[in-house]
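K.L.:
Dropping a structure here in structure tokens format, bear with me for questions.
The values are calculated or read from the model by the stated rules, or taken from the named source; none is laboratory data. Small disclaimer: the values here were computed from a predicted structure and weren't measured. Here the Cβ positions follow ideal geometry from the backbone for every residue, glycine too, while neighbour counts run over all protein chains shown. In case anyone asks, the SASA skips ligands and DNA or RNA and just uses the protein heavy atoms, side chains included. Shrake-Rupley method; radii C 1.70, N 1.55, O 1.52, S 1.80 Å.
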Amino acid sequence: MNDSTFDKELLEISSMVKGGYSFFINNAGKAIALITLAVSALIIFADISLSDFGSSAFTTTLAAMLCASYIIYFSLEDSGERLGERCDEYKEALSKYKAARAAVGAGNIKELRSFCLKYSREELSFRRSNYIAEAGYTEEEYDAYCKGGKVRLRDRYYFSKARRMRAVKLTPALLLSGSTLSSSSELEDPSKKKYLKALLNLLPSTLCMIFTVSVILNVRGDLTPSVVIDGLIKLSALPVIGFRGYTAGYSFVKDKKSCWLETKARLLSIFSEESAGD
């Protein structure tokens, strides 16, 4: 087998896998509907009663289901994000962002800081003016309020809310970094918060481990149809949660993260055009 044939087969396999993932995402709603229908059928053909909320059996089962739900949701949500990074929308947005970022030279950081400050001020002014206009007021009325003029109680509510608006955080690091930054300054050492972030990430897994270690299992000896139906109804929530997590992760990357990258790419392109014009 030559190299071209091998590469062709790899591309076909990759295309099939991608098609399977896309089929899974596009039909997640149908799968959830079918699971709901199956659960409803089990409920209709069985005698249903609610357990006591304060009983130990209810508390233990609820804790186990919540633990399993969190693990399944966040695991599949992460898998959904990885799938979203393969979609055309994200790839195109990432390509535009990388090209716009590469056009910014290392010597333009000072000018980029000034651009960020200017944009933040203009964006705040636009957002505030738009809010005031939507509420039915004019800039003159708002300026009069800021200067201490007397206004009605209803007017004061809208004007005070507009006055409390703050500018968006925009720095060169946020524009030039491909990931979100939580530090207050791009010069702050990220290793200071590394261990705290690691502890927060491990907290759900730690709680799940504490619970799973403390659980004592007793196998039921009477697996009657009613017991089986009861177990199926309890477990039916897990695939629904899994589908929700998977589609949520995919939609987050495909829609929100792609839009975020495109916005940063547009801002960097505007800065590059202004720098070139100067």
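K.L.:
Tell me, which helices (runs of 4 or more DSSP H) lie completely within the range 218-278 with 2 or more residues that are under 16 Å from residue 90 (Cβ atoms) and either at pLDDT 85 or above or of a type in the set (Val, Ile, Thr) (or both)?
P.N.:
On the way: elements: 225-235, 237-251, 258-277.
Those helices (runs of 4 or more DSSP H) span 237-251, 258-277.
K.L.:
Could you pull out the residue among 117, 76 that is open to solvent by 50 Å² or more (accessible area, probe 1.4 Å), in contact with a Gly (Cβ under 7 Å, 6 or more places away or on another chain) and hydrophobic (A, V, I, L, M, F, W, C)?
P.N.:
The match here is 76.
K.L.:
Something else: Need pairs with beta-carbon distance below 6 Å; first residue closer than 17 Å to residue 164 by Cβ and within the range 132-153, second of a type outside the set (Ser, Thr, Tyr) and in a helix (DSSP H, G or I); sequence gap 6+ or separate chains.
P.N.:
132/162; 142/132; 142/159; 145/159
K.L.:
Do you know which residues across the range 95-109 are open to solvent by less than 50 Å² (accessible area, probe 1.4 Å) and either under 14 Å from residue 260 (Cβ atoms) or free of Cβ contacts under 8 Å to residues at least 40 places away in the same chain (or both)?
P.N.:
Matches in the range 95-109: 97, 100, 105.
K.L.:
I'd like to know if the range 250-263 contains one or more residues that are aromatic (Phe, Trp, Tyr), open to solvent by less than 30 Å² (accessible area, probe 1.4 Å) and touching a helix residue (DSSP H, G or I) at 6+ places or on another chain (Cβ under 9 Å).
P.N.:
No, the conditions are met nowhere in the range 250-263.
K.L.:
Name the single residue, out of those in the range 147-175 being open to solvent by less than 50 Å² (accessible area, probe 1.4 Å) and part of a helix (DSSP H, G or I), that is farthest from residue 112 (Cα to Cα).
P.N.:
155
K.L.:
Applying the selection to the range 130-143, what residues are surrounded by fewer than 15 Cβ atoms within 10 Å (Cβ to Cβ) and not in a loop (DSSP other than H, G, I, E, B)?
P.N.:
The answer is 130, 133, 134, 139, 140, 143.
K.L.:
I've got another one for you. Open to solvent by less than 70 Å² (accessible area, probe 1.4 Å), out of contact with any Pro (no Cβ under 6 Å at 6 or more places or on another chain), modelled with pLDDT under 75 and polar (S, T, N, Q), is that true of residue 56?
P.N.:
No.
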